Amino acid sequence: MNYWIQHRLKCLEEAFNAKYCRFLEDTIGIVARQFKAGNKLLICGNGGSAADAQHIAAEFVGRFQLHRKGLPAIALGTNPATLTAWSNDYEFETVFARQVEAFAQPGDILWGISTSGKSANVVRAMEMAKDLGLLTIGMSGNNGGMLKDLTDYPLFVSEYHTPYIQEIHLISYHRICEEVEAQLFAKAGLEAQIAV
């Protein structure tokens with residue numbers, strides 16, 4: 001057990017190198033700026049990454065640590081009627097792209113999550129986002145895979161083992177949620193603490 005823990009800690013330390021941490025800070029900056037400007041965040045992924053998309057959206061719409069107003073974040077995998085109707089009548093490959101087309105406005109962000117970097121529906125959503133002039137965040141293992149050329153703010157790791165990639169993703173988006181919230185609402189959080 002101790003060997004396993006040490007191995008996991010080593011993998012995390014390697015993943016969070018100086019370059020990746022710079023990209024993380026850049027991502028925090030753009031999410032905070034676009035929220036402040038009144039834009040929204042769309043997030044998509046499959047399987048565990050769909051759950052991550054929902055988790056991220058919940059942290060922004062609800063709260064991470066501070067009591068504050070909600071932020072406009074939408075996980076695109078949460079409407080079964082849309083997912084099944086579009087997939088049945090057209091194709092699953094464009095199920096996220098269609099929602100990007102429906103919901104996105106200039107200045108919005110699409111955050112695509114794919115541990116492999118080659119999920120076709122995430123790639124197509126990122127392509128649609130680029131066509132519409134959205135900002136894009138790509139979160140992937142495998143050094144980005146097919147998301148590499150579609151991403152303005154890359155959060156790519158060299159890891160190839162899916163559970164390890166997901167662990168890095170979780171820590172990364174928790175940091176983003178925490179810092180974006182702090183940048184936008186630190187004063188409100190301080191006032192709330194003083195009031196208590």
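The values are calculated or read from the model by the stated rules, or taken from the named source; none is laboratory data. These numbers come from a predicted model, not from an experiment. Please note: Cβ atoms are built from the backbone with ideal geometry, for glycine as well, and neighbour counts cover all protein chains shown.
Number of residues in segment 118-139 that are touching a strand residue (DSSP E or B) at 6+ places or on another chain (Cβ under 6 Å), within 19 Å of Q166 (Cβ to Cβ) and not β-branched (V, I, T): the value is 2. Each residue in segment 107-126 was checked for being in contact with a helix residue (DSSP H, G or I) (Cβ under 6 Å, 6 or more places away or on another chain) and in a helix (DSSP H, G or I), and 6 of them qualify. The conditions of being surrounded by 15 or more Cβ atoms within 10 Å (Cβ to Cβ), under 23 Å from D152 (Cα atoms), β-branched (V, I, T) and within 14 Å of the chain's Cα centre (by Cα) are not met by V95. Number of residues in segment 1-49 that are assigned to a helix (DSSP H, G or I) and farther than 20 Å from L135 by Cα equals 17.
For every residue, the table says whether it meets (1) within 25 Å of L170 (Cβ to Cβ); (2) among the basic types (K, R); (3) buried (at least 21 other Cβ atoms within 10 Å of the Cβ).
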| position | (1), (2), (3) |
| --- | --- |
| Q65 | yes, no, no |
| L76 | yes, no, yes |
| A85 | no, no, no |
| Q99 | yes, no, yes |
| I109 | yes, no, yes |
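Looking at T115, T94 in this structure, which one is hydroxyl-bearing (S, T, Y) and in contact (Cβ under 8 Å) with a residue 60 or more places away in the chain? When all the criteria are applied, what remains is T115. Within segment 153-166, the set of residues being over 10 Å from S116 (Cβ atoms) and surrounded by fewer than 17 Cβ atoms within 10 Å (Cβ to Cβ) comprises S158, H161, P163.
Here is a yes/no grid of residues against (1) in contact with an Asp or Glu (Cβ under 8 Å, 6 or more places away or on another chain); (2) in a helix (DSSP H, G or I); (3) under 20 Å from L150 (Cβ atoms):
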{"site": "R68", "(1), (2), (3)": "yes, no, no"}
{"site": "A81", "(1), (2), (3)": "no, yes, no"}
{"site": "A85", "(1), (2), (3)": "no, yes, no"}
{"site": "F96", "(1), (2), (3)": "no, yes, yes"}
{"site": "Q105", "(1), (2), (3)": "no, no, yes"}
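Of S140, S172, S119, all but one fail to be farther than 23 Å from Q34 by Cα, at pLDDT 95 or above and out of contact with any His (no Cβ under 8 Å at 6 or more places or on another chain); the exception is S119.
The number of residues in segment 23-66 that are aromatic (F, W, Y) and touching an Asp or Glu at 6+ places or on another chain (Cβ under 9 Å) comes to 2.
Considering only residues in segment 133-150 that are among the aliphatic types (A, V, I, L, M) and part of a helix (DSSP H, G or I), the one that is farthest from S116 (Cα to Cα) turns out to be L150. Restricted to segment 1-53, and to residues there that are more than 14 Å from I113 (Cβ to Cβ) and among the hydroxyl-bearing types (S, T, Y), the residue that is modelled with the lowest pLDDT is Y3. Here V157 clears all of (1) within 20 Å of D26 (Cβ to Cβ); (2) modelled with pLDDT of 95 or more; (3) in contact with a helix residue (DSSP H, G or I) (Cβ under 7 Å, 6 or more places away or on another chain) except the condition numbered (2).
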